[in-house]
Amino acid sequence: MMTAADVVRVLDALSEAGITVWLDGGWGVDALLGEGTREHEDLDMVVSVEHLDHALTSLAALGYEITEDLRPTRLVLAAGDGRRIDFHPVIFDPDGSARQIGAGPNGGNAVYRRQASRATGPSTTTASPA
């Protein structure tokens, strides 16, 4: 399970490394609501493909290593105690939207509209850009 303290440690490590990420999935919902709604087995995050290698290096210091490499669509990291991160690498388009390769219907791209990356909630632990 990923606890809120685990999420904050991950976000702090990435922030200190200068890497912007966006929360996705259950933790993204909880961040927008400003409260925990349920337990979470993993942490889903969106990261630019150009920052992915640096993110992996930064999280190795916290004990995370690659357990599933399904690039370009996703990449799963795990720590020895079972904490898991599911990275969704994206390519940014000139209009500010992003594409996750192969994650859409019928193997197409999943599109993150520009407005979606700007969502914020009452929590100060969201990873949305300012």
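What follows is calculated from the coordinates using simple rules that are stated; it is not laboratory data. Since this is a predicted model, take the numbers as computed values, not measurements. Neighbour counts run over all protein chains shown; Cβ positions are idealised from the backbone, glycine included.
Here is how the number arises for the chain: DSSP H runs of 4 or more residues each give -39500 (n - 2.57), the sum is divided by the residue count, and the result at 222 nm is -7000 deg cm²/dmol.
For the chain, a Kirkwood hydrodynamic radius built from all Cα pairs, placed in the Stokes-Einstein relation at 10 °C and 1.306 mPa s, yields a translational diffusion coefficient of 107 µm²/s.
Residues within the reach of a label modelled at Asp81 (point 7 angstrom out along Cα to beta-carbon, backbone nitrogen below 14 Å), restricted to the range 1-39, are 1-10.
Residues whose amide H lies under 5 Å from that of Val90, counting only those 5 or more places away or on a different chain, are Val47, Ser48, Val49; hydrogens are built 1.01 Å from N in the peptide plane. Cβ crowding within 10 Å ranks Thr73, Thr57 as Thr57, Thr73, fewest other Cβ atoms first.
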